[in-house]
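Only one structure is covered here, and it is reproduced in the block below.
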Amino acid sequence: MTTRTAPGAAPGAQPEPAGRPRIGAKTLRTDRWWLTPLLTVIGLSAWLLYALIRTAMQKYYFVEEHGYLTPFYSPCMTQSCIPEAAHFGRPLPEFPPLVPYGILALPFLLGFRLTCYYYRKAYYRSFWLSPPACAVPDGHAKYTGETRFPLVFQNIHRYFFYAAAIVSVINTYDAIVAFRGDEGFQMGLGNLILVGNVVLLWAYTLSCHSCRHIAGGRLKHFSKHPVRYWLWTQISKLNTRHMELAWITLGTLALTDAYVALVAADAIPDLRFIN
Ligand code: FES
């Protein structure tokens with residue numbers, strides 16, 4: 001029988017049979033394994049708090065002079081919306097205070113991020129401690145996985161992907177129409193920020209694991225589907241950056257919203273390049 005000495009055992013201690021060693025310590029890791037989950041909790045909580053405050057504000061979401069609409073209020077379709085900000089009409093009634101004007105898109109965007117493979121890993125580890133890091137014990141006595149209620153709903157991620165793609169199309173439209181002013185083509189720093197935001201949103205959305213599967217999954221012969229194979233290889237390259245894009249787009253969404261809010265509130269002027 002193979003024997004070995006348990007890690008951390010006193011010198012000269014009796015070797016024990018091969019298998020899982022009996023280790024008294026919670027973990028043998030001595031590095032700062034807790035830092036990543038801690039930063040994740042701080043980062044996600046700060047972003048959620050900011051988004052909650054901004055979506056409940058019901059103001060500073062549109063710069064009438066330059067046509068900038070923040071993605072947090074898009075599509076703006078209630079009677080409470082500034083008419084020029086309502087690119088798709090205002091079929092919904094006036095909203096009471098604190099109800100976000102972008103309510104048509106926000107639940108889908110939240111669902112898309114909450115069920116995202118990367119965010120699942122991030123919040124399972126940081127908020128649920130399940131487990132907080134590799135080689136660190138789970139914070140819970142048992143693990144039931146994602147095969148039963150409520151986590152079984154994580155499996156509808158692909159449908160949130162379809163909805164998020166539609167919202168990205170709407171955000172793209174918002175960014176494009178902002179170039180159209182009363183006197184023709186116009187451009188300011190806000191336009192560049194809106195465009196940068198949608199480019200990164202598309203990069204995050206298309207780098208989704210579901211998107212990759214839709215492009216190239218279930219194919220027996222890539223050689224018979226050259227277009228899908230090409231799409232799959234391009235999406236696979238983006239997919240390797242999915243975690244970075246998940247965080248970058250949280251940052252660009254908040255920055256875009258903050259810029260629109262500051263210009264709309266006349267706190268800062270927009271830097272103009274054309275018109
Ligand atoms: S896996 Fe992250 S958005 Fe789909």
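The values are calculated or read from the model by the stated rules, or taken from the named source; none is laboratory data. Values in this document were obtained by computation on a predicted structure and should not be read as measured data. We place every Cβ from the backbone using ideal geometry, glycine too, and count neighbours over all the protein chains shown. Just the protein is used for accessible areas: all its heavy atoms, side chains included, with ligands, DNA and RNA removed. Shrake-Rupley method; radii C 1.70, N 1.55, O 1.52, S 1.80 Å.
Could you give every pair whose Cβ atoms fall below 7 Å, whose first residue belongs to segment 35-49 and is of a type in the set (A, V, I, L, M, F, W, C), and whose second residue is assigned to a helix (DSSP H, G or I), counting only separations of at least 6 or pairs across chains?
V41/S126; L44/Y123; W47/L250; W47/A254
Out of all the residues in segment 131-140, is one or more touching a residue at least 24 places away in the same chain (Cβ under 8 Å), within 16 Å of the ligand (Cβ to nearest atom) and either part of a loop (DSSP other than H, G, I, E, B) or not aliphatic (A, V, I, L, M) (or both)?
No, because not a single residue in segment 131-140 is touching a residue at least 24 places away in the same chain (Cβ under 8 Å), within 16 Å of the ligand (Cβ to nearest atom) and either part of a loop (DSSP other than H, G, I, E, B) or not aliphatic (A, V, I, L, M) (or both).
Scan segment 144-152 and give yes if some residue there is assigned to a loop (DSSP other than H, G, I, E, B) and either under 28 Å from L231 (Cβ atoms) or within 16 Å of the ligand (Cβ to nearest atom) (or both), otherwise no.
So in segment 144-152, the residues assigned to a loop (DSSP other than H, G, I, E, B) come out as 144-150.
This time we only want the ones that are either under 28 Å from L231 (Cβ atoms) or within 16 Å of the ligand (Cβ to nearest atom) (or both), so: 146.
Among the residues of segment 144-152, at least one is assigned to a loop (DSSP other than H, G, I, E, B) and either under 28 Å from L231 (Cβ atoms) or within 16 Å of the ligand (Cβ to nearest atom) (or both), which makes the answer yes.
Being at pLDDT below 95 and either surrounded by 15 or more Cβ atoms within 10 Å (Cβ to Cβ) or touching a Gly at 6+ places or on another chain (Cβ under 8 Å) (or both) is true for just one of P131, P137. Which residue is that?
Residue meeting the stated conditions: P131.
Select, from L110, L114, L92, L106, the only residue that is open to solvent by 20 Å² or more (accessible area, probe 1.4 Å), under 26 Å from Y204 (Cβ atoms), among the aliphatic types (A, V, I, L, M) and touching a Ser or Thr at 6+ places or on another chain (Cβ under 7 Å). Steps first, answer last, please.
Numbers: L110 fails: touching a Ser or Thr at 6+ places or on another chain (Cβ under 7 Å); L114 fails: touching a Ser or Thr at 6+ places or on another chain (Cβ under 7 Å); L92 fails: under 26 Å from Y204 (Cβ atoms).
Unique residue meeting the criteria: L106.
Tally time: how many residues in segment 87-130 are charged (D, E, K, R) and in a loop (DSSP other than H, G, I, E, B)?
2
Criterion first (at pLDDT below 95, of a type outside the set (A, V, I, L, M) and closer than 22 Å to H209 by Cβ) does E146 satisfy it?
yes
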